[in-house]
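Peer 1: Next up is a structure, given as structure tokens.
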Amino acid sequence: MLKLFMQRYFIILNLIIFNPNGAIAQGLFDTIITVDKAAITKYELEQRIRFFSFLNEPGDPEIKSREGLINDRLKMAAAKKINLQLTPAVIENSMKEFAKNSGRSLQQLFKLLESGGVDPETFRDYVEAGITWRELIRKRFASRGEPTDAEIDRAIRSASPKGGMRVLLTEIVLPAQSEQLESARKISKELVKIKSVDAFSEQALRLSISNSRDVGGRLPWKNSANLPNGLRQIILGLRPGDVTPPLEVKNAIVLFQLRDIEEITIKEPEIVSIKYLKITGDEFQLNLAAKSIDACENAYGLVKGNANLSMTIVSQKPGEIDQAIFQRLNSLDSNEISIFSSESDEKDTIIMLCERTYANLPVISREETKNKIMIDRLTNLADGYLSELKSNATIITK
């Protein structure tokens, strides 16, 4: 870290010694933005613009750089309030990881940045703000980010061939022309705190400018797949009663409250094969067996040795299965049974569905699903917290 400081020092010193009229006359180190009295200089802005250009960040480099520097000041100030400060070793390891992801060593990345006129300290500041914010969000919201087993199950079903989700939302659209923006931000800060569905609708009646205002902002059921990708991730990270962070769009600020969420059924993919258990025998023996068998895996041990019962486990394509059996299998979930009488003989039959195999069925990891829910939810909470910090801050642009 001392080396980084000395590199920055000599860059600045060279600017002053070898181009005294340039650096000073152009006001490179003049303050152009203050965030709660914390200064952002013209030099920092120019450095961040060069850095974002180096990264090929989408969007206008100057606008993104201004916004990024303001956000970084807010993030670091929030961390300072709880005495959160990362060690130089943690920051350096994160810088090395950043470099590694670009296929370079840290020193190679430094040289590349310097060739583009980017001070290595600019890179360090960028990384430090990012990982400090991540640690702050983890400390502040970790307990709220943890999904329940039911939420994980719901997410897995929504990603499965049978599943999808639909949501009931209430919207509030606040007018936010340039002269209304600060006022709208303050109002939105209060709206995100509302947990009552009725209270949020009352505010929609009073404040919203959308067409849904007359019905308290209440929207009909919407398939989550039809929501914009960014909004869908935010919405699916909410619990009923939660409100999204304020979403700033052109001349307006939009907030959504989740009223309800439920699973929907969509078209299944092709079934390649069906594995099922079939036991035949007299009615009394079958009824005894039906009370004991709860899964295909333990059926053999229960039936073995019983001369009155005959058991087979079959895996067949749908078209190969007897129609009478196929119709019953269609109504079963895994390890459910159906008892019926065969028309061809006097014996009764138990069938139990073991599993259906689908074409190209993706394997859905429970742990990966849990992590995704946590990331989406913490991102949502972090966005809301940053919006709150920004609305409470005094930001002056010169």
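Peer 1: For Val127, state whether it is surrounded by 14 or more Cβ atoms within 10 Å (Cβ to Cβ) and part of a loop (DSSP other than H, G, I, E, B).
Peer 2: Spelling it out, it is not the case that Val127 is surrounded by 14 or more Cβ atoms within 10 Å (Cβ to Cβ) and part of a loop (DSSP other than H, G, I, E, B).
Peer 1: Conditions: (1) surrounded by fewer than 19 Cβ atoms within 10 Å (Cβ to Cβ); (2) in a helix (DSSP H, G or I); (3) touching a Leu at 6+ places or on another chain (Cβ under 9 Å); (4) at pLDDT below 95. Ile63 meets all but one. Number of the miss?
Peer 2: (3)
Peer 1: If we only count strands (runs of 3 or more DSSP E) wholly inside region 204-314, which ones have 2 or more residues that are crowded, with 18+ Cβ neighbours inside 10 Å and in contact with a helix residue (DSSP H, G or I) (Cβ under 9 Å, 6 or more places away or on another chain)?
Peer 2: On the way: elements: 247-249, 252-265, 271-281.
In region 204-314, 252-265, 271-281 are the strands (runs of 3 or more DSSP E) which contain 2 or more residues that are crowded, with 18+ Cβ neighbours inside 10 Å and in contact with a helix residue (DSSP H, G or I) (Cβ under 9 Å, 6 or more places away or on another chain).
Peer 1: Contact list please: Cβ distance under 7 Å, first residue in region 57-68 and under 12 Å from Ile33 (Cβ atoms), second residue of a type in the set (Phe, Trp, Tyr) and modelled with pLDDT of 90 or more, pairs at least six apart or on different chains.
Peer 2: Ser65/Phe52
Peer 1: Between a residue in region 202-218 that is in the same structural domain as Val173 (by TED's automatic domain parsing) and over 10 Å from Glu171 (Cα atoms) and any residue that is buried (at least 17 other Cβ atoms within 10 Å of the Cβ) and among the polar types (S, T, N, Q), which pairs come within a Cβ distance under 9 Å, given they are 6 or more apart or on different chains?
Peer 2: Listed by first residue and then by second, the contacts come to Val215/Ser201.
Peer 1: Determine whether region 358-373 contains at least one residue that is assigned to a strand (DSSP E or B) and within 30 Å of Thr148 (Cα to Cα).
Peer 2: yes
Peer 1: Got a sec? Which of Ser292, Ser224, Ser315, Ser212 is under 22 Å from Thr357 (Cα atoms), of a type in the set (Gly, Ala, Ser) and at pLDDT 80 or above?
Peer 2: Residue meeting the stated conditions: Ser315.
The values are calculated or read from the model by the stated rules, or taken from the named source; none is laboratory data. These numbers come from a predicted model, not from an experiment. Cβ sites come from the backbone with ideal geometry, for glycine too, and all protein chains shown count toward neighbours.
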